[in-house]
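The values are calculated or read from the model by the stated rules, or taken from the named source; none is laboratory data. These figures come from a predicted structure and were not determined experimentally. Cβ sites come from the backbone with ideal geometry, for glycine too, and all protein chains shown count toward neighbours. Each accessible area value is taken on the protein alone, full model and side chains, heavy atoms only, with ligands, DNA and RNA left out. Shrake-Rupley method; radii C 1.70, N 1.55, O 1.52, S 1.80 Å.
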Amino acid sequence: MATVQDVVVRAIDVRKEFSRGQEVVHALRGVSVDIFRGEFLAIMGPSGSGKSTLFNMIGGLDKPTDGMVFIDDVDIAQLDAYELAWMRCRKIGYIFQSFNLLPTLTALENVKIPMLFANVDEDTALDKAARILERVGLGERIFHRPGRMSGGQQQRVAIARAMANDPAIVLADEPTANLDLHTGEEIIHLLKKLSQELHVTVISATHDHKMLNLCDRVAWIRDGAIERLERRADLKITVGTIDGHQ
């Protein structure tokens, strides 16, 4: 049974509203969830369900209209711009479906960047970046630029960059969306491996049902609310359908 100390993210009655002309869009409708240290959580739901909005709240990329989001007991909605930047730099790693690598920099230089923002000296940052790239299977490509890499290799660089500052949380936004089936499976296995070895919480907003093979829990979200939270062992999977979800 998880203790209070095991909770790394706690969302409490989070609501988010947008104005669209004269219409008010309720993107999140009172979402509450605890996410535990070292777990692999998949946030799944159809387009427009609110999963990306929830993902952005957890990552401090947006603030709730109402409710609270805590990371390691800090209410991130109350942080000023400087404090929030510090939190993002040191506590959260980001992985994007489009990789978001700087094309003119080598893999080593791309992974080094977050450490420089965290005031790590350059020699230490370079040494650590090389070790992380080795860990994700790119030890022989540290001097390659993104244009000379496959999609899977670029995503491995993005994963290494996300791990650069030893974050408590890694947020993976559709990390397999631009990859073929086999490469996508490799990336999911790598995220799971790093989560277990480094005790990092991985939270992925995804449509990819392959994620269900390795995640610890699934948050099914629809119409701005979490319909249910399920452990991997409790999922009911049949051909073509996952417990009613196509």
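Charged neighbours of Pro146, selected by a Cβ distance under 12 Å, balance to +4 (K, R count +1; D, E count -1). Which entries in the list Lys91/Lys112; Lys63/Lys91; Lys51/Lys112; Lys91/Lys128; Lys16/Lys51; Lys51/Lys210 go over 19 Å, if you measure between the two C-alpha atoms of each? Over 19 Å Cα-Cα: Lys51/Lys112.
Direction-averaged projected area, Cα convex hull, segment 126-186: 4.4 nm², rounded to one decimal. Can you tell me the 0 to 90 degree angle between the C-alpha axis of helix 107-117 and the longest principal axis of the chain, rounded to 10? Roughly 70 degrees between the two axes. Proximity of backbone amide H atoms, modeled 1.01 Å from N, is registered between Thr65 and Arg15, Lys16, Glu17 at under 5 Å, excluding neighbours fewer than 5 places apart on the same chain.
A Förster radius of 35 Å, combined with the Cβ-Cβ distance separating Val25 from Asp80, puts the computed FRET efficiency at roughly 0.80. Averaging sequence separations of C-alpha pairs under 8 Å and six or more residues apart, then dividing by the length of segment 16-67, give the relative contact order as a whole percent. For segment 16-67, the relative contact order is 34 percent. Rounded to the nearest Hz, the phi-derived 3J(HN,Hα) couplings of segment 75-88 under the Karplus curve 6.51 cos²θ - 1.76 cosθ + 1.60 (θ = phi - 60°) are 6, 6, 5, 8, 7, 7, 4, 5, 5, 5, 4, 4, 4, 5, where x marks glycine and proline. In this view, the solvent-accessible surface of Ser47, computed with a 1.4 Å probe and all protein chains in place, comes to about 100 Å². The accessible-area ordering, largest first, of the residues Asp73, Asp13 stands as Asp73, Asp13, per a 1.4 angstrom probe.
Against the chain, whose longest principal axis is taken from its Cα atoms, helix 181-198 shows a tilt of about 90°.
Shown here for segment 78-115: trypsin sites (Lys or Arg not before Pro) in loop regions (DSSP other than H, G, I, E, B) with at most 12 other Cβ atoms within 10 Å, of which there are none. Annotation note: trypsin sites (Lys or Arg not before Pro) in segment 140-246 located in DSSP loop regions with a Cβ neighbour count of at most 12 within 10 Å are Lys236.
For Phe70, the solvent-accessible surface with a 1.4 Å probe is about 50 Å², rounded to the nearest 10. Quarter the surface of the alpha carbon convex hull of segment 5-138 and you get the mean projected area, 10.6 square nanometres.
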